[in-house]
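Structure first, commentary second.
Derivation of every value follows stated rules applied to the coordinates shown; laboratory data play no part. Please read all numbers here as calculations on a predicted model, not as lab measurements. Positions of Cβ are generated from backbone atoms using ideal geometry, with glycine treated the same way; all protein chains shown enter the neighbour counts.
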């Protein structure tokens with residue numbers, strides 16, 4: 001009996017220590033993160049570039065805004081030419097003037113028009129050739145969505161084959177292909193062996209979603225976001241094993257509800273805006289990588305919600321999730337019913 005009591009006591013101590021550590025990590029990451037920028041991915045003279053896919057609006061544009069603030073050159077990739085160009089003009093207006101009053105700042109924000117759903121291997125090869133002349137150090141795999149015929153929230157049994165393929169192409173296939181082709185570019189600069197070396201690393205940021213747990217009315221979207229999560233974590237471990245790529249980091253970003261262009265119906269009032277969330281991603285990614293994390297919840301509320309889901313009764317979690325998705329579906333159905 002004493003042995004059994006000691007065993008349970010030891011187990012309780014381990015659980016308590018892990019809970020305390022998780023709590024301290026959460027508090028320090030979200031409330032006292034300190035000054036962690038992406039300096040390790042910059043180059044002397046601020047010559048580094050970042051490619052942001054799905055960057056003409058929403059979270060992608062928010063990420064691009066903060067990258068510009070931190071001195072990176074940015075390539076905005078999107079499928080609507082006018083929208084991408086408008087986003088680029090906004091970013092160029094944000095850049096501080098150079099000391100020599102040259103027009104080089106305008107060249108530090110570029111655009112590339114490509115539809116992720118229909119991009120062929122040839123299209124991707126042309127994109128990579130364009131990027132090969134730049135010192136690319138950051139890839140942001142942000143493009144995504146639920147590219148199906150309306151209504152967007154509906155049972156999987158109503159999906160056509162084209163609907164299924166569209167979601168996979170936009171959220172998973174494009175991202176996986178592009179990352180494979182760009183790893184050689186991201187790995188071109190080998191890290192300096194000196195202990196004082198800095199600004200010698202590259203980064204792949206891959207957007208997943210809290211939907212990776214599997215949500216009703218978004219079965220394909222949930223599945224592809226679970227793919228993104230597994231892809232980014234596996235990539236991080238694989239890159240670290242090879243000395244030729246060990247200086248390339250991979251981090252998965254997991255958003256919860258974010259108010260954006262594509263997520264604008266039935267969104268809780270507490271959800272952060274796309275620009276705020278994009279800034280949080282860039283400001284916290286360096287800290288997450290430094291801690292050895294494979295994924296992060298940039299916004300504190302999202303992290304807290306998913307931590308609570310892990311300890312709350314399963315029935316309560318299922319009920320809350322079902323109610324949330326029903327509300328979003330109803331909001332979109334009502335909107336489309338009035339406007340289509």
**Item:** Mean Cβ neighbour count within 10 Å, used as a protection proxy, ranking 133-145, 50-62 highest first
**Value:** 50-62, 133-145
**Message:** At 4 °C and a viscosity of 1.567 mPa s, what translational diffusion coefficient does Stokes-Einstein give for the chain, taking Rh as the Kirkwood radius over Cα pairs? Give it in µm²/s as a whole number.
**Reply:** 60 µm²/s
**Asked** Any idea how far the Cα center of the range 289-339 sits from the one of the range 152-189, in Å?
**Response** 22 Å
**Asked** Efficiency by 1/(1 + (r/R0)^6): what FRET value for residue 164 and residue 123, r their Cβ-Cβ distance, R0 = 30 Å, to the nearest 0.05?
**Response** 0.90
**Message:** For a quick check: sort 279, 201 by the number of other beta carbons within 10 angstrom, fewest at the front.
**Reply:** 279, 201
**Whole-number percent relative contact order across the range 27-339, with pairs defined as alpha carbons under 8 Å at least 6 apart** = 21 percent
**Prompt:** Along the Cα-to-Cβ line of residue 107, 7 Å from the Cα, sits a label point; which residues in the range 70-87 have backbone N less than 12 Å from it?
**Reply:** none
**Prompt:** With each label point set 7 Å from Cα along the Cα-Cβ vector, what nm distance links residue 309 and residue 156?
**Reply:** 1.7 nm
**Prompt:** Between 217, 112, 159, which gets the highest mean-square fluctuation from a Gaussian network model of the chain, Cα cutoff 10 Å?
**Reply:** 159
**Prompt:** For residue 320 and residue 264, what does the FRET efficiency come to when R0 = 30 Å and r is the distance between their Cβ atoms, rounded to the nearest 0.05?
**Reply:** 0.90
